[in-house]
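What follows is a single structure, written as structure tokens, with notes after it.
The values are calculated or read from the model by the stated rules, or taken from the named source; none is laboratory data. Keep in mind it's a predicted model, so treat the numbers as computed, not measured. Here the Cβ positions follow ideal geometry from the backbone for every residue, glycine too, while neighbour counts run over all protein chains shown.
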Amino acid sequence: MAMDDTNGTAIMTANDNQTGGPAAPTDETSEDRRFAVLAAHPGPEAGMVTVIDALDDPCILIDTSGIVVHVNGEARARYPGVRPGDPLVFRLRFTVLHDAFARVVAEAKPETVEWQEKVPTDRWLEAHLAPILPAGAEGAARRPRWVLLRIEDLTETRRVERMRADFVANASHELRTPLTAVIGFLETLQGPARDDPTVRDRFLAVMAEQAGRMKRLIDDLLSLSRLEMRAHLRPEATVDLCDILRHVVDLVTPAATAAGVDLRLSGCNGPRRARGDREELAQVFTNLVENAVKYGGSGGRVEISVAADPGDRRHVVVAVRDFGEGIDPVHLPRLTERFYRAHTEKAGATRGTGLGLAIVKHIVSRHGGRLIIESVPGAGSTFSVRLDRPPVPAGKSVDEQ
Ligand code: ADP
């Protein structure tokens, strides 16, 4: 990561400065020394300690010589190596932090600095350093007695910011490809192909296809954003999964027949109830069955089954299984990411938006359910959705629903 020194915020990577500074103490003599140091560095009053302990960010109180004098519970949990009596530099060895500390001591003004830790995982952190002055200190007496270091974890915020930026870049790219094609064909129709009816018809057909692609993409993006807005609202209605699945089979049968794929539905001798939203679940299963036909159709059949979860009969599982070429295991963890495609070379992939499984995952998690993807390369894939069955009425067993 780059250095950035705007607005008093400096950014550096941990690797810039993990060296230098004294080594951390490890043996018993250093432990004795730590207690001796602590005795010579008076700590804060009980009131201040109570306040620092009540803060839910990691907080470390340091005296002006850089010795840690108090560590709150959050800081102890996050940085077990930072202990009262040790110099702060033993454990938090970031130049940016220590330079800011020196300025806070010298100028008695608060500072905020940012840095990135690489080990054990990438983390973005922000430190707020506040000088603590003696009560009523004026003029030359305005020298801090301590500096309160409060550390805020910005990792999640940074991750969301990056996801949003990636998402906008991907969505723009996906829309620009068909748009560029449409503009290109329009220009040709306005110019060289103006009076050629055969070329015109062919180009108009391609433009219609590209416009359809843009429409599908925008519909999927809107679907995702609507789902995000309702992510925390769990559907409470009771639906019959068999009813939904029959409807899905009717919907996908023309495409399946055209691809030479036989769709089979099993487990629907009676109703199979689940808690959910009919429209959204229809969207989930349509997507899974369409994908099974599109990407796993070479197996000639797709089996859709619905059954109570054998491991926990309070749940019901719908499985969509194909017998196609399967998915390389490297792709499995990323399949539900927006715009992720495992088969870019397949004809069907150009029709897909890469958003289908992201929508499926959103809907399933809004239902409090689970999406399980299993695949054996060369043998096919199974996409299973586990949902809650409706609550059991008093006096009935879970199997009587
Ligand atoms: P798309 O709109 O591209 O179909 P999806 O999000 O629905 O996007 O699927 C993501 C990717 O997962 C697909 O591009 C495809 O590579 C892979 N995939 C989905 N279902 C299957 C399946 N049944 N068999 C093999 N690959 C699949």
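Give the residues of segment 220-249 that are of a type in the set (D, E, K, R), under 18 Å from Glu290 (Cα atoms) and at pLDDT 95 or above, sorted by residue number.
First, pick out the residues of segment 220-249 that are of a type in the set (D, E, K, R): 220, 226, 228, 230, 234, 236, 240, 243, 246.
Within this subset, residues satisfying the condition of being under 18 Å from Glu290 (Cα atoms) are 220, 243, 246.
Asp243, Arg246 - these are the residues of segment 220-249 that are of a type in the set (D, E, K, R), under 18 Å from Glu290 (Cα atoms) and at pLDDT 95 or above.
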Just one of Val293, Val302, Val316 is modelled with pLDDT of 95 or more and assigned to a helix (DSSP H, G or I); which is it? Val293
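Out of the residues in segment 146-181 meeting the condition of being part of a helix (DSSP H, G or I) and in contact (Cβ under 8 Å) with a residue 40 or more places away in the chain, tell me which one is nearest to Ala106 (Cα to Cα). Lay out the reasoning, then the answer.
Narrowing segment 146-181 to residues part of a helix (DSSP H, G or I): 155-181.
Of the ones still in play, those that are also in contact (Cβ under 8 Å) with a residue 40 or more places away in the chain are 167, 170-171, 174-175.
Working: Phe167: 44, Asn170: 48, Ala171: 49, Glu174: 53, Leu175: 55 Å.
So the residue we want is Phe167.
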Given the conditions (1) within 16 Å of the ligand (Cβ to nearest atom); (2) surrounded by 15 or more Cβ atoms within 10 Å (Cβ to Cβ); (3) without any contact (Cβ under 8 Å) to a residue 12 or more places away in the chain, and given that Val330 satisfies all but one, which numbered condition is not satisfied? (2)
Gly311 passes all but one of the listed conditions (1) under 27 Å from Asp219 (Cβ atoms); (2) surrounded by fewer than 14 Cβ atoms within 10 Å (Cβ to Cβ); (3) of a type outside the set (Ser, Thr, Tyr); (4) more than 11 Å from the ligand (Cβ to nearest atom); the exception is number (1)
How many of the residues in segment 359-384 are within 9 Å of the ligand (Cβ to nearest atom) and touching a residue at least 60 places away in the same chain (Cβ under 8 Å)? 6
Here are some residues: Ser305, Ser298. Which one is away from the ligand (no atom under 12 Å from the Cβ) and assigned by TED's automatic domain parsing to the domain that holds Val376? Ser305
Report, by residue number, each residue of segment 358-378 that is of a type in the set (A, V, I, L, M, F, W, C) and touching a strand residue (DSSP E or B) at 6+ places or on another chain (Cβ under 8 Å). Val360, Val364, Leu371, Ile372, Ile373
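It is to be established whether one or more residues within segment 123-133 are at pLDDT 90 or above, among the aromatic types (Phe, Trp, Tyr) and under 26 Å from Ala106 (Cα atoms). Before the answer, list the steps.
Taking segment 123-133 and keeping what is at pLDDT 90 or above, we get 124-132.
So of that shortlist, the ones also among the aromatic types (Phe, Trp, Tyr) come out as 124.
Now drop any that are not under 26 Å from Ala106 (Cα atoms), which leaves none.
The answer is no; no qualifying residue exists.
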Output for segment 204-250, where each listed residue is β-branched (Val, Ile, Thr) and not assigned by TED's automatic domain parsing to the domain that holds Asn287: Val206, Ile218
Which numbered condition in (1) within 16 Å of the ligand (Cβ to nearest atom); (2) assigned to a helix (DSSP H, G or I) is the only one that Glu279 fails? (1)
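Mind listing just one residue for me: the one in segment 224-241 that is touching a Leu at 6+ places or on another chain (Cβ under 8 Å) and in a helix (DSSP H, G or I) and, of those, surrounded by the fewest Cβ atoms within 10 Å (Cβ to Cβ)? Spell out how you get there, then give the answer.
Step one: of segment 224-241, the residues touching a Leu at 6+ places or on another chain (Cβ under 8 Å) are 224, 239, 241.
From what is left, the residues that are in a helix (DSSP H, G or I) are 224, 241.
Details: Leu224: 17, Leu241: 24.
The qualifying residue surrounded by the fewest Cβ atoms within 10 Å (Cβ to Cβ) is Leu224.
Have a look at Val104, Val113 and point out the one that is within 29 Å of the chain's Cα centre (by Cα), within 24 Å of Arg76 (Cβ to Cβ) and of a type in the set (Val, Ile, Thr). Walk me through how you get there before you give the answer.
On the way: Val104 fails: within 29 Å of the chain's Cα centre (by Cα).
Going through Val104, Val113 in turn, just one is within 29 Å of the chain's Cα centre (by Cα), within 24 Å of Arg76 (Cβ to Cβ) and of a type in the set (Val, Ile, Thr): Val113.
Based on this model, can you work out whether Val284 counts as within 21 Å of Ala342 (Cβ to Cβ), of a type in the set (Val, Ile, Thr) and buried (at least 16 other Cβ atoms within 10 Å of the Cβ)?
Numbers: within 21 Å of Ala342 (Cβ to Cβ): yes; of a type in the set (Val, Ile, Thr): yes; buried (at least 16 other Cβ atoms within 10 Å of the Cβ): yes.
So Val284 fits the description; yes.
Val248: part of a helix (DSSP H, G or I), touching a residue at least 40 places away in the same chain (Cβ under 8 Å) and touching a Ser or Thr at 6+ places or on another chain (Cβ under 7 Å), yes or no?
Yes, satisfied.
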Is it fair to say Thr336 is near the ligand (Cβ under 8 Å from one of its atoms) and of a type in the set (Ser, Thr, Tyr)? yes
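Does segment 330-338 contain any residue that is farther than 28 Å from Met214 by Cβ and touching a Pro at 6+ places or on another chain (Cβ under 6 Å)? Don't jump to the end; show me each part of the working.
Step one: filter segment 330-338 for residues farther than 28 Å from Met214 by Cβ, giving 330, 332-333.
From what's left, touching a Pro at 6+ places or on another chain (Cβ under 6 Å): none.
No; the residues of segment 330-338 include none that is farther than 28 Å from Met214 by Cβ and touching a Pro at 6+ places or on another chain (Cβ under 6 Å).
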Considering each of Val320, Val316 in turn, give the residue that is touching a Leu at 6+ places or on another chain (Cβ under 6 Å), within 15 Å of the ligand (Cβ to nearest atom) and assigned by TED's automatic domain parsing to the domain that holds Gly356. Val320
Kindly establish whether Gly184 is without any contact (Cβ under 8 Å) to a residue 40 or more places away in the chain, surrounded by 12 or more Cβ atoms within 10 Å (Cβ to Cβ), part of a helix (DSSP H, G or I) and within 16 Å of the ligand (Cβ to nearest atom). no
